[in-house]
Amino acid sequence: MKASNRRNLLSRYEADTAWELGDLLLHYLEKLQVEYVFGVPGGAIEPLYNALARSERRAGPRAIVARHETGAAFMADGYSTQTGKLGVCCSTTGPGATNLVTGVASAYTNCIPMLVITGQTALPSFGQGAFQESSCAGINTVAMLEHCTLYSSLVSHAEQFEQKLVTAITTAFGPQPGPVHLSVPLDVMRSPSTSRLKFDINALLKHPRLFDSDDIDTLLDILSRSRSVAMVIGNGCDEAIDSLMVLAEYLGAQLVTTPHGKGLVNPYHPLYRGILGYGGHISAVKMIRDPDFDTIVCIGTLMSERAGKSWLNQLKPHQKLIHIDQLEANFTLTHMADLHIRGRILTVLDKLLSHRDSDKIRTKNHPAETRGNTHSQPLHFNRHFELEDESGYNSSAIPIKPQRLMRELPRLFPRNTCYLVDSGSGLAWALHYLHPLDRRMRGTRNAMGRHFRAALEFTSMGWAVGSAIGTALGRHGEPMVCITGDGSLLMSGQEITVAVQERLPIVFVVLNDSCLGMVKHGQRLTGAEAVGSALPATDFALLARALGAQAHTIRSPKDLISIDGHALLRADKPTILDVHIDPEAVPPLKSRIQALTESAPA
C-alpha cells in the first residue's frame, strides 16, 4: 500500500477515535510542518509519547530520543535554526526538566523559536511528596524556566491547554523570538480533547512587514551625502543577505561581519574585510576604525562584547552611525546611533533598493569587479582580509596546526557543507581561519541555508554536537560537519549514538589536545594561575567505534588530506575525525584584544 493511502486510512481511522491533549499538540505541530519532537521519555510525560507513537503511524511528527535532555534542547535548536520551523523538545518532570535548562537558556540567549513541554506529577499529588515532584510545592520548574523563556506556564485544567499552547507558539515566533514552556501534569495530559484545532495557527503567525517611511527618507538622505560607507552585518540578516549584498555593491560599501554573521557573506568577496570581534581579523578592526568612512551601517546585529563593541565609543564627530534591526532590544547597545530603524530587514533593504539611480540614492565608486555579479560567474579565491598567522595556516608540522586544519576542511568537503562549531578554542580557530570555498558572490540559497553557525552568546560546551543532529534532520541529507573540542565531546559525545540510530552521515571533527584549550590559553594570556585545564589522553577514534560510528585518527596534514570527505558524507553513519592538534598553538585572541582595547587618541 502506498504511503499516502496508508496515511489517509490512518487519518480517517484516528479522526473517529478520541484525542488526548498530546494528540491535539501534535496536530498543531503538523500544521506547522514540524517533523520531530526531541526529548527523553519518562513516566510523567508518557501520554505525550503515546501520542507520538500514534502520530508516527500516520506519518506525522515523530520522537527523536536524545541521551540527555540538554542534548534534546540543542537538537531542537539546530532543527529550528536551519529550517525556520519551531524547535520542539520535551522531558519528564523533576530532573528531566532541570536537565533541559542549559539548552533552553542557550536558545533564549540566541533567540531561537522553541516549544518546551515538560511533564508534571498529577495535580492531586502536588505537595504530597510525589516521585520527582517539581510543582510549586517542590522544585518549581515553571518558575525556574521563567528566567530563560518568553512564556512559562502550568496547564492546570484541560480546558486551558489549547489556548495556552497557541499563546506559547505565537510568543515563540514573536517580534523577539525565543523559547516558551508549558508544564503539563500527568492527569491533565491524559485528558480527552473534544477540540479539532480551533485556531488557524499559520494565520496567527503572519506578521506585518512594517517600517517607518520617515526613517527610510532620513537614511536615503544620509546615504546620498556619504562619501564612503561601511557595513557591519549580523545574523539578523539571514533572509535579507541577497538584497544586502546588492545594496553594498551598489554603494561600494566595505563589509565586515560580526562572529554571529559569519557564513552570510562569501569570504572571498572583494568588499569583505573579515570578522569584527571575537576570533576576528585585524583588517576588520582597521576598517571600522578608519575615519574615512563617514557612514557606518550596522544591520541585524546585537553589538555585544562578542561583536567587538568597543569601537562604538571611538566614533568621530563627522561619522554617522545607523542601526537597522527587527529587534528593538538590540538598539540598547547603540544608544549613540544617529538613526535607529526598526522593521523587517528584508523589507527595509528592498525599499532602499527601489530608489536606486533616483535623486535620493546614487551609486558610489565601488570596484568594477563587483558590478553585475551573478552566482554563476567564476570567483578567484583571493582573501581581502588579513590572517593573524599565515605560517600556521600553511604549516606542514606534526602534530597538525589548528590553522592548517581549518584551511583544509573546506577542501575536503562539498561547497554547500554546513559547519557547526562548539564553544572553546575551536570556535576562535574556526572564526578566524575557516573560510568555505563558496563560489557564489552573494548570499545564501535560502533564508536558512547559512554555511556556518555557532551559539555565540551563551556558548554552551557540547551545543554543536546536539545541534548538528537537529540540523542534519532538518536539512535532509545536506552535508554536515561538527567542529568540537575534546572537552565538549567528553561532555556531550553520547548524543553521537542518536546520529548512529538515525543513520546521519555527520562528520564530527574533534580538536584533541588533551586540555580545555580555551581555559589553558586564556590563563596564559591573562597571567592567571595554570590550573584545571588538563584532560586525560583519550582515543576518540576507539570511542567512536564503540558508539557505532566510523573513525579516523589524524596527526598530520598528510593524514588529513588523504581523507575522502565526500565519501564520509555519503555513508549511512556518522564519522569522528580524531585530530591531534598542536597543544601549544595559541588561538587568535591576543591581537584582537590589543586592537580593541587600545586607548582612543586624545
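Scanning segment 113-141 for residues that are of a type in the set (A, V, I, L, M, F, W, C) and modelled with pLDDT of 95 or more yields a count of 4.
Across segment 565-585, the number of residues qualifying as crowded, with 18+ Cβ neighbours inside 10 Å and either modelled with pLDDT under 95 or among the charged types (D, E, K, R) (or both) comes to 4.
What are the residues in segment 317-337 that are among the acidic types (D, E) and buried (at least 16 other Cβ atoms within 10 Å of the Cβ), if any? Within segment 317-337, D325 is the sole residue that qualifies.
Listed residues Y36, Y108, Y13; which is over 22 Å from E146 (Cβ atoms), assigned by TED's automatic domain parsing to the domain that holds V188 and at pLDDT 95 or above? Step by step, each of Y36, Y108, Y13 is checked, and only Y36 is over 22 Å from E146 (Cβ atoms), assigned by TED's automatic domain parsing to the domain that holds V188 and at pLDDT 95 or above. For segment 58-92, a residue qualifies if it is in a loop (DSSP other than H, G, I, E, B) and either without any contact (Cβ under 8 Å) to a residue 12 or more places away in the chain or not hydroxyl-bearing (S, T, Y) (or both), and the qualifying residues are R58, A59, G60, P61, A66, R67, H68, G84, K85, L86. Taking segment 141-187 as the range and being in a loop (DSSP other than H, G, I, E, B) and either farther than 25 Å from K85 by Cβ or not assigned by TED's automatic domain parsing to the domain that holds I45 (or both) as the test, the residues that pass are H147, S156, H157. Filtering H580, H521, H552 for residues that are within 30 Å of K286 (Cβ to Cβ) and in contact (Cβ under 8 Å) with a residue 24 or more places away in the chain leaves a single hit, H521. In the set L197, L182, L205, L186, only one residue is within 24 Å of the chain's Cα centre (by Cα), surrounded by fewer than 22 Cβ atoms within 10 Å (Cβ to Cβ), aliphatic (A, V, I, L, M) and more than 22 Å from H355 (Cβ to Cβ); that residue is L205. Among residues of segment 479-508 that are assigned by TED's automatic domain parsing to the domain that holds P587, those with a beta-carbon under 7 Å from a residue that is basic (K, R) at least six positions away or on a different chain give the pairs Q494/R67; E495/R67; T497/R67; V498/R67; V500/K573; R503/K573; P505/R570; P505/K573.
Filtering segment 305-363 to residues that are of a type in the set (A, V, I, L, M) and within 20 Å of E249 (Cα to Cα) leaves L321, I322, I324, I345, L346, V348, L349, L352, L353, I361. Of all residues in segment 381-415, which are among the small types (G, A, S) and either in contact with a strand residue (DSSP E or B) (Cβ under 8 Å, 6 or more places away or on another chain) or assigned to a helix (DSSP H, G or I) (or both)? If the condition is that a residue be among the small types (G, A, S) and either in contact with a strand residue (DSSP E or B) (Cβ under 8 Å, 6 or more places away or on another chain) or assigned to a helix (DSSP H, G or I) (or both), then S391, G392 are the ones that fit. Looking at segment 420-438 only, could you name the residues that are of a type outside the set (D, E, K, R), more than 18 Å from P583 (Cα to Cα) and not in a helix (DSSP H, G or I)? Within segment 420-438, L420, V421, L434, H435, P436, L437 qualify.
Quick grid of which residues meet (1) part of a helix (DSSP H, G or I); (2) under 30 Å from L431 (Cβ atoms):
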{"position": "D215", "(1), (2)": "yes, no"}
{"position": "S224", "(1), (2)": "yes, no"}
{"position": "V285", "(1), (2)": "yes, yes"}
{"position": "V297", "(1), (2)": "no, yes"}
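In segment 341-369, the qualifying residues are those that are modelled with pLDDT under 90 and β-branched (V, I, T), and the one that is surrounded by the most Cβ atoms within 10 Å (Cβ to Cβ) is I361. Can you name the residue in segment 172-196 that is small (G, A, S) and out of contact with any Phe, Trp or Tyr (no Cβ under 9 Å at 6 or more places or on another chain) and, of all such residues, is farthest from F161 (Cα to Cα)? Restricting to residues being small (G, A, S) and out of contact with any Phe, Trp or Tyr (no Cβ under 9 Å at 6 or more places or on another chain), the top hit is G174.
The values are calculated or read from the model by the stated rules, or taken from the named source; none is laboratory data. Here the structure is a predicted model, which is why all the values come from computation and not from measurement. Backbone-built Cβ (ideal geometry, glycine too); neighbour counts: all protein chains shown.
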